[in-house]
Every structure is written in structure tokens, then in C-alpha cells.
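For reference, the structure discussed in these notes is given below.
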Amino acid sequence: MGEARTGTRAPAGGLAPAGLPMPEAGVEAEVAKLLPFLAPGARADLQAEAVRHVLALTGSGPGGALLAGQAALLRALVELAAAPAPAPAPAPARDAARALVNLAAEPGLHERLLEAEPALPARLLDRAMDPAWPWAEEAAAALANLSREPAPCAALMAALEAEEPGESGLERLVRALCTPDYNARAPLHYLGPVLSNLSQRPAVRAFLLDRERCVVQRLLPLTQFSDSSVRRGGVVGTLRNCCFEHRHHEWLLGPQVDILPFLLLPLAGPEDFSEEEMERLPVDLQYLPPDKQREPDADIRKMLLEAIMLLTATASGRQQVRNQGAYLILRELHSWEPEPDVQVTCEKLIQVLIGDEPEPGMENLLEVQVPEDVERQLQQLDHQELEQHTRAQPEELAPEPQAEGATPT
């Protein structure tokens, strides 16, 4: 998923008269002049105008880099965006939060942001989790951008672990993500990417896969969340990361979770299968309406395929995926898929399902050690294959192998 970004590029008449380029030192001086107007207690109209200037600057790479060198100004932005304020929060808090979203969208600026305000992830988390804060979505978007990198993600994790006794920080985040109207004034879609980024950490995956908490089961319906591809993609990314834990595959594919139909349904179209084929599919994938639409976002389709691919890492996982008729959905997806890289991913998954089983001792594909030179060769072949798919006409897939004595369909 791409980074969140708000606002616009600085207008021609932002800080200097239009058509008169200002030297960098002059721009720095002008930016420094804004600082008193960003301070708490400044006159509201002047503060709002100063924050609008800063937001406009963050819409361009050079402007963001310039601001990132102004530690005092960054701290003032954080104070406006994250400090408690009387409800409703003033408009400068909104624009300050949006400026932080834009600055956090540049990974090269993360270190400077954290140097200026080491508690930034914790303060943004507090605003994002406040059910009455009007700009909680902006705080969540800034967190989504920050947590893509290891250092801010670790700081966010520390903030979650430091939550007060009782409900854990992660549990609170999941509850906010899964609860409609948790904040009546902010949709909190960007908590999806925040959780996806956090789920790259083993401790978070352990929390998500705790069988007593039923977290995965609460996330599964959001794979069909039609109101926001941001939330949907964040949840799918989280589920994909959980699928790296092959020790949990049997549980994930079993009746307690039954994850596969939730991963396949967004990939399914309105195909009319034969009765025999229909009976092989899970109930939720049978007799879909003629207006059934596939997941419109190519990145999400690819993550869904990657999650299923991870579930086929073990022999038992491959058999469970085969037994639920995944090939039928993937066959039709492959014929329909317009994006070459997604089609290649789909093709590889189909090959795993219809191909021969690995040699003894290599049944778990996640534990197979691939030499570095072989891995480089495979990556090169992948690149060549993608280029060929981009240029070539669609090819017909090999049919699914039939059990001995079975009648082809």
C-alpha cells in the first residue's frame, strides 16, 4: 500500500512573491519567522495561517526536507497536532496533523522527526486512539507512514506495550479497527496499515495468533470492507504476515478460523461452475451472484495470493487448499487478471497446487535454504518472466490433475 499523503504543494505565492525565487537561507529565515505563530496561545487566525503555510511546504520534497531541519518548528507542529485541546479541536490541529502525515511519508525524514520529538509515535497513538478526537484519522495516517521503517515501528511498539494495565495497547488498537464508529468523527481506516506494519514484528504476530484472543477471526470480515481499500489492504497485509508462521497453518485453515474462504472470496468473480465443481468449493464461494465483483485493487489481490501461497508451504497445507477447490477460483482469476505481476503470482500458486510434491525432507517450503547465488538467479528469472507476461498474450493454464478414475470436468 502506498504511503498516506495530504495537502498540496506550496503555492507560487507561499512565502515569497510569485516569480521571485528565494535563496535557501532566505526561506529558512522565513520559516523561522513562523515559529512564534505556531506556539500555544498565539492568535488563532495567525496560527491557522502559519500552519497552512507549513502544510503547503510539506507537499513538496524540498519543502519537507527544509522543515525537517527545523527541530523547534517540528516540535511546535507536534504540540499543535497531538496536545489535548478543548473539543472541538481547532483547525490548526488538523493542518498540523496533515503536515506530519506528509513529513512522515518520506522515510529519509523519520530520523529527524524522532530526534525533534522522540515521543512522536506515542503521542500520535494517543490521539489516534482517542474516540473523541476529530483528527484521529490524520494521526493514524502519520503513524502508518512512520511505522513502515524499523526504528519508528519499534518506538510505536514500545508505546503500545507501555499502555496502562488492563486492556493491552494492541488489543485496544484491534478493537478500534474492528469497531464501527469507534470514533464518530474519524473513520480510522489507516489503523489497518498501522497493524500491517506492526505485524512484521514476531511479538505482534504472536499476539494476533493467540488462539484465546480470537483476533484473526475478528479481522477476517474486513477483507470485504467495501468502504475503504486502505483498511481492507491493511487487514489483508496483516493476515498475510500472520501466514508466515507455518506452525499455525493447520489452525488457520481448520474450522476454528477457516481463513481460506475469506482469502478466496475477494478473488472470485461471477463464474458459473458446474455442479460437480460447485460442490468442491466452500459454501461461501458457491453460487455467487452474477454481479459479484473481484477485489478492484491489484496490490490487495496480490497480497491475497501471497497469503494463500504461504499457506501452501507445508504438505498438509497444500492438501487443505486443494481440497477446498482453490484451483477453480485461481483458474478463473488467471484468465481475468489484467495486471501482469498479479497474474504471475497467481500462476506460481497454481503451479504449487497442481505440481508434484517436493522431495522428502523439503516438504516445508518456508524452511528450505536457498543459496544466495541461486536466489539471485531466481529473482532474475522472475523479472524476465514478468517482462514476458507484460508483452505476451494470455496463455492457457494446465488443467488440474485428476484423481485416478475421476472424470475430467
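The values are calculated or read from the model by the stated rules, or taken from the named source; none is laboratory data. Quick caveat: nothing in here was measured; it's all calculated off a predicted structure. Cβ placement follows ideal geometry from the backbone for every residue including glycine, while neighbour counts extend to all protein chains displayed. What goes into the accessible areas is simple: the full protein's heavy atoms, side chains included, and nothing from ligands, DNA or RNA. Shrake-Rupley method; radii C 1.70, N 1.55, O 1.52, S 1.80 Å.
Here are some notes:
- Cα shape, the stretch 27-177, gyration tensor, a/c 1.5 rule: oblate
- Lys292-Ala44 pseudo-label distance in nm [points 7 Å out on the Cα-to-Cβ vector]: 5.4
- The stretch 216-349: C-alpha gyration tensor shape, a/c 1.5 cut-off, then a/b vs b/c: rounded
- Counting all C-alpha pairs of the stretch 139-264, share separated by more than 25 Å (%): 19
- A simple count of charges around Pro290, restricted to other residues whose Cβ falls under 15 Å of its Cβ and scoring Lys, Arg +1 and Asp, Glu -1, yields -2.
- Rolling a 1.4 Å probe over the protein heavy atoms of the stretch 230-318, with every protein chain left in place, gives an accessible area that is 51 percent carbon and sulfur.
- Accessible area expressed per residue, the stretch 174-281, with surrounding protein chains retained (probe 1.4 Å, Å²): 41
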